[in-house]
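The values are calculated or read from the model by the stated rules, or taken from the named source; none is laboratory data. None of these values were measured; they are calculated from a predicted model. For neighbour counting, all protein chains shown are included, and Cβ atoms are generated from backbone atoms with ideal geometry for every residue, glycine included.
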Amino acid sequence: MAGAGAIAGIAPLPSISRKAAAHAHGPLFGWTAVRAQFALDPSYIHFSAFRFASHPKPVRDAIDRHRRGLDRNTQLYMDDHEFELEQAVLDSGAAYLGARQVDLALTDSTTMGLGILYGGIALRADQEIVATEHDFYPTHEAIRLRAERTGASSRKIRLFADVRTATEAEILDSVRTGVGPSTRVLAITYVHSSTGMKLPVRAIADAVAEINAGRLEDDQIILCVDGVHGIGAEAASVTDLGCDFIAFGSHKWLFGPRGTGVLWGNPSRWPAALATIPTFDGRSLQAWIEGHDPTNLPPAAAMTPGGFHSFEHRWALAEAFDFQSRIGKQRVQDRVHQLATQLKQGLAGLGNVTLFTPMAESLSAGIVCFSVEGYTPREVVDRLLADFRIIASVTPYAFQLARIGTSIVNTPAEVDQAVAAIASLT
Ligand SMILES: Cc1ncc(COP(=O)(O)O)c(C=O)c1O
């Protein structure tokens, strides 16, 4: 992006060889080697790593490098490297996500991406936003705030009666019957952090496309996704998913720098998203200096919130995408699923445990939710921590469950330990 580098007004200086450094290490094959990249305390088992990421070594090193550069000579480090480093983030992100870099808006989190999306997406007075009952707080709250500000109407639909028996057919049926002629936005969540359900996003997108085929462009449904628990756990590219927008923080499953995220938009839908926070893209600033509105500003650049950022983190996002690419998206997905399946099978065999996450890999990813008879979810999580040094979490929803996330920092032996620990509770 001709981003804040252009704001600084000075042409970028030669490369600091970030790419050369990243690729010098080559592919990462062994899971022990992957785990060794993290400084996580080995005396604990970390099953909540997906909530907020620990940084692997290449990301830590990049953050250190940029912090030292900024602390040593802030102005010149910015002037010399800002344009190039932001471009590297977009390049690495595009390569990892299977997207065009011009379609990526850089944000600070999923929440920021959803906030600017639902706050700014163009809606006529007679159009509505339909969300689902299964989305997390930022989706619902962004839509509620939008309604409060503009009077936009919204409602929520339920996609399945019971997560334990849900099927793709039931979900698709709920989508088809849940939207109406005035639905302009359908807001869904890729992997539900309430239950671990992974939605069949591609099939939902296809169902929406069928409905859209009979509509004028301005009346078509725009499919927007909170993708945070899918991106970094699942191998699908953003274009495979077939949605129109997907927002995700890169500080969870991607183990990217804390305080970073991305909003991707389908090129044909970007024009429907109107920015809320002024971008620092140089083309926009230049237009302002010249006294006119920006022209030819790519929509994703316009949607990238401006202001100076914690750039040592933002720029290290390139290393996070490269780290995932070096392991390989499919291998990450296979590992996350293998561990989650092992865990689900173990839990399903315990008499007093109710497993809520679907066993089917087509309807689940790396989040596994369960309850233990005779214990509240909080008690389960507290006992796992106190007695076994196992870090799990409680789902932050009205209906609470105990939750374990199996990620690339975990091993099959750790999963066995978790099953044994939960068995001992029962
Ligand atoms: C489904 C879902 N969306 C969004 C978030 C928030 O993500 P971020 O920290 O990137 O805003 C969470 C959890 O923190 C989540 O579970």
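Worth pointing out:
- Residue satisfying all of: in region 195-225; part of a loop (DSSP other than H, G, I, E, B) and within 16 Å of the ligand (Cβ to nearest atom); nearest to A125 (Cα to Cα) among these: L199
- Criterion (part of a loop (DSSP other than H, G, I, E, B) and at positive phi) met by exactly one of G374, G351: G374
- Flag: Q101 matches the condition of being of a type outside the set (V, I, T) and in contact with a Gly (Cβ under 9 Å, 6 or more places away or on another chain).
- Restricting region 98-122 to residues that are more than 16 Å from the ligand (Cβ to nearest atom) and of a type in the set (A, V, I, L, M) leaves a set whose member that is modelled with the lowest pLDDT is A122.
- Sole residue being surrounded by 17 or more Cβ atoms within 10 Å (Cβ to Cβ) and either touching a Pro at 6+ places or on another chain (Cβ under 9 Å) or modelled with pLDDT under 95 (or both), chosen from L363, L343, L384: L363
- Among all positions in region 394-416, there is no residue which is of a type in the set (G, A, S), in contact with a strand residue (DSSP E or B) (Cβ under 9 Å, 6 or more places away or on another chain) and surrounded by fewer than 19 Cβ atoms within 10 Å (Cβ to Cβ).
- The residues of region 245-291 that are within 16 Å of the ligand (Cβ to nearest atom), assigned to a strand (DSSP E or B) and among the aliphatic types (A, V, I, L, M), listed by number, are I246, A247, V262, L263.
- Filter result for D240 (away from the ligand (no atom under 16 Å from the Cβ) and more than 30 Å from V175 (Cβ to Cβ)): no
- Residue list for region 142-166, filter: more than 18 Å from I277 (Cα to Cα) and either free of Cβ contacts under 8 Å to residues at least 24 places away in the same chain or within 14 Å of the ligand (Cβ to nearest atom) (or both): R144, A147, E148, A161, D162, T165
- The set of residues in region 385-403 that are touching a residue at least 40 places away in the same chain (Cβ under 8 Å) and away from the ligand (no atom under 15 Å from the Cβ) comprises F388, R389, I390, I391.
- Exclusive hit being touching a residue at least 40 places away in the same chain (Cβ under 8 Å), among the acidic types (D, E) and surrounded by fewer than 22 Cβ atoms within 10 Å (Cβ to Cβ), set E319, E312: E312
- Flag for V228 being closer than 17 Å to L114 by Cβ, within 16 Å of the ligand (Cβ to nearest atom) and outside any strand (DSSP E or B): yes
Residue-by-condition table, conditions (1) within 30 Å of G328 (Cβ to Cβ); (2) not hydroxyl-bearing (S, T, Y):
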residue	(1), (2)
M112	yes, yes
G119	no, yes
L123	no, yes
Y137	no, no
R146	no, yes
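- Wholly within region 16-87, helices (runs of 4 or more DSSP H) carrying at least 2 residues that are modelled with pLDDT of 95 or more: 31-35, 57-72
- No other residue among G249, G259 is out of contact with any Pro (no Cβ under 7 Å at 6 or more places or on another chain) and either surrounded by 24 or more Cβ atoms within 10 Å (Cβ to Cβ) or without any contact (Cβ under 8 Å) to a residue 40 or more places away in the chain (or both) apart from G249.
- Residues (of a type in the set (K, R) and in a loop (DSSP other than H, G, I, E, B)) located in region 388-404: R389
- Matching residues, region 152-174, being of a type in the set (A, V, I, L, M) and within 23 Å of E141 (Cβ to Cβ): A152, I157, L159, V163
- Here R378 meets the list (1) more than 16 Å from the ligand (Cβ to nearest atom); (2) in contact with a Cys (Cβ under 7 Å, 6 or more places away or on another chain) almost entirely, failing just condition (2).
- In region 123-141, the residues that are of a type outside the set (V, I, T), buried (at least 19 other Cβ atoms within 10 Å of the Cβ) and within 14 Å of the ligand (Cβ to nearest atom): A131, H134, D135, F136, P138
- Screening R326, R335, R331 for residues that are touching a Pro at 6+ places or on another chain (Cβ under 7 Å), under 20 Å from H251 (Cα atoms) and among the charged types (D, E, K, R) leaves exactly one candidate, R326.
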